[in-house]
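Below you'll find the structure, written out as structure tokens, and then a few comments.
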């Protein structure tokens, strides 16, 4: 076994190959491992000794790195440059304040430290939750089956249960599950490339929250940014067999005479509803022929398949165009570009045709989504803005090339992915609308105070608290809004579309003006607050500026409700009950704001 251990220590190099040849090649290695290369390992534990093999060589899994604890994440959060500057400023404020006013001079520095600790605590908890979600997604992504040879027959086992000495059967598109020695094969090629990804921190909360929810809807997100991109997909190139159809027609829902029906019959109700099969067939045909139901905006549906055109015309409209692969390949780029706006079916197509179609669509500034399950679909999946592989019938290579894995191979899951993608995009816009409003108001208030020579109404501690509400709490509240069916009623945004729409700009301007008006009223009309009759109010009265500060914070909380709608919508409380986290954050902010006013002053 020492020879086998030596071979297993490092990655395969020329030295390893020389060592393998020295011990007698693959045949001698199989003898050392007590395995027959023609039959594989026996199925039973007694003959194979799986426990002994795993005890000697270990499990087929990478050692899992220990998860960072909350304290370590808290310390890492404190390493932020801004927080370090605030800590230094807080210490300096405490020292100078104590020297000038020993009784209360240290309070502002303590308040700054409290704000820093609170920001770091919220950040560390968010990072801890995010890491747990990513680990769960990674475990789901690695939960794949591998085809092996047991007792001369193919069998499938989880990748983590592969033992040393296992005879693995690899097919085109499969991922190599472990370091191995090739027994036999022909025209073998391996793709060892990897793709790293980066993501701005500003959208991490919304995306990490959505990926967990999307997994419940049978969408496994492999590339986090694809979640948001899916919401703006303008064209989806889909296979027919295995995605749109599976040769198993089953009615699960119905729309007849303006009423919606679900197939929720129990055995008892079926017994009471007995109709002749011929009559049911005739009824179904008449309903289909006489229906006036239709779907709007389906011109962007593209069906790409290897079957004949006759089997693909079910999705075509009157002005749609169907092409076959040979004709498509013979056409010039200019001719195809003229037909693409009306192209709905590409039949008898090859994977190269799908790859070319995706590139042509992207040249037209379309956001393209592609579904695929075969190895040859990998180039199109990689080229598309969002590649979607089938989780059941898809090959490992197709899954590796994809951004999203459809776990149940159903087109309805693709629809849910679009719904969640639009929700993520809108949540980011909601947070941006709220954040810009707070920034503009704070900037105007500070600028006016500096120009007029008055004492700034918002000191450093107050600004730190406002920043906590704006960045952390606001992101948690607005970034976790759940999707609604109304999101599918609008068209996707184009690549050239501005992130800030006209309606958003209008909302930001109106909300900023109203908040600034409140500040101006409190600064002038309420120059002498109630129960303040002496001249001390003309300097810096804590009660006066407490009113201004509370008005500012409560105005931003109110704007948080307004920010839930970014388009021409007025019902800002609509669907509020569906997001309990939003309500909880508002209540927590109110609960902390009221008793903290004296400390912040």
Proxy exposure order for 113, 576 (fewest C-beta within 10 Å first) is 576, 113
When 436, 500, 346, 70 are ranked with the fewest other C-beta atoms within 10 Å first, the list becomes 70, 500, 436, 346
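Among rounded, prolate and oblate, which fits the range 329-433 when a ≥ b ≥ c are the square roots of the eigenvalues of its C-alpha gyration tensor, a/c under 1.5 means rounded, and a/b larger than b/c means prolate?
Working: a/c = 2.23, a/b = 1.24, b/c = 1.79.
Note, shape of the range 329-433 comes out oblate.
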Quick note, the range 33-190: a/c under 1.5 would make it rounded; otherwise a/b > b/c is prolate and the rest oblate (a ≥ b ≥ c, C-alpha gyration tensor); here it is prolate
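Using Cβ counts within 10 Å as a stand-in for footprinting exposure, how do 411, 431 rank, fewest first?
The most exposed by this proxy come first: 411, 431.
Just so you know, all these numbers are worked out from the coordinates, no wet-lab data involved. From a predicted model like this one, the values you see are computed outputs, not experimental measurements. Every residue, glycine among them, receives a Cβ derived from its backbone with ideal geometry; neighbour counts consider all protein chains shown.
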